[in-house]
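Student: Could you have a look at this structure, given as C-alpha cells, before my questions?
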Amino acid sequence: MSKIICLVGPTATGKTKTSIALAKYYDAEIINADSTAIYKEPLIATAKIKEDEMENIKHHMLDLVSLNDDYTLYDYQKDGRKVLDELISKGKNIIITGGSGLYIKALLYNYNLNETKKINLNLNSLTNDELKHKADEIDPNNNIHINNRQRLERFINKYYENDKSIIINNSGNEKKYDFILIGLRSDREKLYSMINDRVEDMFNEGLLLEAHNLYNLNLKNYSNIIGYKELNMYFNNEISLEEAKELIKRNTRRYAKRQFTWFNNQMKDIVWFDVNYKNINETINNIINYINKIEE
C-alpha cells in the first residue's frame, strides 16, 4: 500500500531539501504542487529544483507547459491525479510538495471543478482595494498587484466565467486520498531574512539575464511570476534595478505570509514543524520520527 506524504509551507522554508530527504528515506517519488514549477522556461525566479538537486529521485508535474500556454487548476487536478493514481496502482510511496494551496486541495481533496454558467459581475463599482480583496478570497496565492486593475478584473471574471472554474463547497475539505499532511514554518524574522538572502542568491545565479531573455520573448504569463514582473518594470525604465530587487523581496515576503495564512486556515489537519535552518537534518528527523510513530 502506498504511503502518501504531503509537505507544504511558505516559500524558503526548506521544502525542496526536506522532500528529497523524505523521498530517499521512504523510497518515494515526488509530485510537484507548485504553480510556477509547471512552466518550462523559469528556473531561477521560481526556485524550481535543478536536475543535480534531485539526487536521482523521480519528479512529476514539472516543466509541463510554456509560459505562453494556459494551464488551469482543472488541468493540474486532471494531470496530477492521473500521475498519483498510477503511482498508487504500482504501490509506490509518494511525496507531494509545494506552496500552492489550491493545487494541493485540487489534487488531494474532493475539490469539485465543474462547469458553471456565466454571470454578470459589476466590477466597475469596486475600488482597487475591494478588487484585490475579492481576488485574494478566490486564491490567496495570486500575485496580482493591487494597482493592476485590469488584471484583477480579468482574474475575477475568469474565475466566475471559465467553464472549468471552481465550485467550492463543503466537500472541498474532505480527503479523496489517505495522506499525512506536514507543514514547515519559521518565525517571521528568520523567514524574511532567508527570503531576502534567497533573492540576493538569485541575482548572483543570473536572474537578471534569465528575466531579460524571457522578457524579450514576450510570453503571455511572464509577468505573473514574482521576480519577472518587478524586473519587467525595470526593463521598461519605470524603476531602478535596486528598486526592482527590493520589490521582489517585499512581494516574496508578502507571498510567504499569504501562503502560511492560507494553509493555516484552509488545511486544519496540518502538523507543523519549525524549521531549524542551522540544522535542517534535525527538522527532517523530527518529521520522520513523527510519521513512523503514528504508523506504529
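What follows draws every value from the coordinates through simple rules; no lab data is involved. Because the structure is predicted, anything quoted here is derived from the model rather than measured. With ideal geometry, Cβ positions are generated from the backbone for all residues, glycine too; neighbour counts draw on all protein chains shown.
Student: Can you tell me the order of 234-241, 81-88, 43-50 when each peptide is scored by its average per-residue count of other Cβ atoms within 10 angstrom, highest first? Intermediate values should be presented prior to the final figure.
Tutor: Working: 234-241: 13.0, 81-88: 15.4, 43-50: 19.4.
Peptide ranking by packing, descending: 43-50, 81-88, 234-241.
Student: Further question: Modelling each spin label as a point 7 Å along the Cα-to-Cβ direction, I'd like the H145/K17 distance in nm, to one decimal.
Tutor: 3.3
Student: How would you classify the chain from its alpha-carbon gyration tensor, with a ≥ b ≥ c the square roots of the eigenvalues: rounded for a/c under 1.5, else prolate if a/b is greater than b/c, otherwise oblate?
Tutor: Because a/c hits 1.5 or more and a/b fails to exceed b/c, the chain counts as oblate.
Student: Continuing with this model, one more query. Pop a pseudo-label 7 angstrom from the Cα along the beta-carbon direction at both N204 and Y74 and give the gap in nm to one decimal.
Tutor: About 4.5 nm, to one decimal.
Student: Give, in nm to one decimal, the length gained when the segment between K90 and S193 is fully stretched (0.36 nm per residue of separation minus the Cα-Cα distance). Walk me through the numbers on the way to the answer.
Tutor: Working: separation 103, 0.36 × 103 = 37.08 nm, distance 4.19 nm.
Additional length available on full extension: 32.9 nm.
Student: Moving to a separate point now. Based on C-alpha coordinates, I'd like the Rg and Dmax of the stretch 1-116, in Å.
Tutor: Rg then Dmax for the stretch 1-116, in Å: 13.7, 44.
Student: Write down the percent of antiparallel bridges among all DSSP beta bridges whose residues are both part of the chain, to the nearest 5. Intermediate results must be reported in sequence, preceding the final value.
Tutor: Details: 2 of 22 bridges.
In the chain, approximately 10 percent of DSSP beta bridges are antiparallel ones.
Student: Computed FRET efficiency, Cβ-Cβ of D27 and R154, R0 41 Å: what is it to the nearest 0.05?
Tutor: Calculated transfer efficiency: 0.40.
Student: Moving to a separate point now. Can you report the principal axis dimensions of the stretch 166-296 using only the alpha carbons, biggest first, rounded to whole angstrom?
Tutor: Computed over the stretch 166-296, the largest-to-smallest principal extents equal 59, 42, 23 Å.
Student: Name the residues whose placed amide hydrogens come within less than 5 Å of the amide hydrogen of Y109, ignoring near sequence neighbours (fewer than 5 apart) on the same chain.
Tutor: K176
Student: Where nothing but the Cβ of Lys and Arg (+1) and of Asp and Glu (-1) is charged, how large is the charge dipole of the stretch 1-150 around its Cα centre, in debye to the nearest 20? Working shown, then result.
Tutor: Details: 19 positive and 21 negative charges, 65 e Å.
With Lys and Arg at +1 and Asp and Glu at -1, about 320 debye.
Student: Another question, then. Quick one: of K40/K278; K3/K105; K24/K229; K48/K220; K17/K293, which pairs are farther than 27 Å apart, Cα to Cα?
Tutor: In this structure, K40/K278; K24/K229 exceed 27 Å between Cα atoms.
Student: Using the Cβ atoms and a cut-off under 14 Å, what net charge is assigned to the surroundings of N110, where Lys and Arg are +1 and Asp and Glu are -1?
Tutor: Here the count lands on +2.
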